[in-house]
Amino acid sequence: MKRYRVLWKVALLGILILPGCSQRILEGIGIKTAAPIAEDDIEVAEAAENETGQDLEGQIDTGDWITAESAVQLPILMYHSISEGNGLRVPSEEFRSQMAWLRENGYYTLSPEEAYLVLTENRMPSEKCVWLTFDDGYTDNYTEAFPILKENDMKATVFMIGKSIDKGHHLTENQMLEMSRNGISIESHTINHLELNRMTAEQQEAEMVQSKELFDRILDQDTTVLSYPVGRYNEESLRLSEEAGYKMAVTTEPGGASRDQGMHALHRVRISPGLSVDGFASLIENSSNH
């Protein structure tokens with residue numbers, strides 16, 4: 001009987017501990033990063049401006065994909081907040097109109113795994129492809145963008161800051177889990193959202209590795225894509241992101257993405273507020289060669 005009482009107490013302790021697991025993960029990360037944690041909000045950002053080696057094709061039905069005649073140039077669209085107020089905020093109605101244009105014009109929205117195959121193998125599910133990305137993981141990505149994306153049956157990728165999970169104006173763990181079950185990939189925007197080109201190699205490595213480990217664990221996935229905070233990176237960043245296990249990394253360099261840029265220095269198309277539907281269409285068409 002005494003033994004059963006001990007086992008019961010151990011089980012009860014496990015139940016009490018589990019809810020705090022992800023919080024302790026966050027508290028234990030970043031210890032090798034000497035720079036202070038940035039209190040990043042959208043105003044600050046504006047001022048600064050699955051298993052490795054797994055057969056991705058085994059998870060994706062590529063039976064009716066087409067082969068491009070030349071190296072693919074892919075539009076990777078870069079959003080931040082779906083709201084109003086400054087140059088990083090695209091109002092909800094503008095975003096809705098842009099997604100409607102993509103749907104009406106036959107564009108296929110890619111997952112990270114599909115984008116990797118498109119860029120590395122020159123094969124694609126449609127002549128018209130686009131990869132939708134959001135930096136920072138603001139709450140309105142869930143409340144505003146997510147419903148519009150679901151209405152249009154579209155996939156997208158959110159680059160989330162590790163330390164911002166469950167913090168004000170950013171996604172919660174439960175929101176990320178729901179989105180990831182419904183076509184929205186959650187990928188890495190590092191732990192602290194600091195400028196990598198101002199950090200030592202050890203600090204950069206900690207930001208990249210610990211962020212990947214965090215999202216792998218929370219979302220039970222292989223996190224394969226990194227977005228460099230505020231677009232800052234250097235040659236060491238390119239090497240370290242690959243060594244950390246990321247298959248791709250995206251920058252804020254303007255234009256369509258192509259393999260010859262390097263899979264860890266992919267360009268993106270910034271979507272700013274006030275853009276007309278015709279202007280949006282021109283950006284997409286000019287950053288694609290198919």
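What to note about this one:
- Carbon and sulfur %, accessible surface of the range 49-164 computed with the full protein complex present, 1.4 Å: 41 percent
- For the range 135-152, backbone phi angles converted through the Karplus equation (6.51, -1.76, 1.60; θ = phi - 60°) give residue-by-residue couplings of 9, 5, x, 6, 4, 5, 5, 8, 6, 10, 6, 4, x, 5, 5, 5, 4, 9 Hz, Gly and Pro being listed as x.
- Under 5 Å between amide hydrogens, built in the peptide plane, is the criterion, and for residue 272 it picks out nothing among residues at least 5 positions away or on other chains.
- Average accessible surface area per residue within the range 88-202, 1.4 Å rolling probe, Å²: 36 Å²
- Each residue of the range 227-233 was assigned a 3J(HN,Hα) from its phi angle through the Karplus curve 6.51 cos²θ - 1.76 cosθ + 1.60 (θ = phi - 60°); the sequence is 10, 6, x, 6, x, 8, 7 Hz, with glycine and proline shown as x.
- Averaged over residues, the count of other Cβ atoms within 10 Å places the peptides 168-179, 271-282, 202-213 in the sequence 202-213, 168-179, 271-282, highest first.
- Alpha-carbon centroids, the range 71-89 and the range 113-164: separation in whole Å: 11 Å
- Solvent-accessible area, 1.4 Å probe, carbon plus sulfur percent, for the range 234-290: 46 percent
- Between residue 264 and 249, the built amide H atoms are under 5 Å apart, and every one of these is 5 or more places off in sequence or on another chain.
The values are calculated or read from the model by the stated rules, or taken from the named source; none is laboratory data. All values derive from a computational prediction rather than experimental measurement. Cβ coordinates were reconstructed from backbone atoms using ideal geometry, including for glycine residues, and neighbour counts include every protein chain displayed. The accessibility values were calculated without ligands, DNA or RNA, using every heavy atom of the protein model including side chains. Shrake-Rupley method; radii C 1.70, N 1.55, O 1.52, S 1.80 Å.
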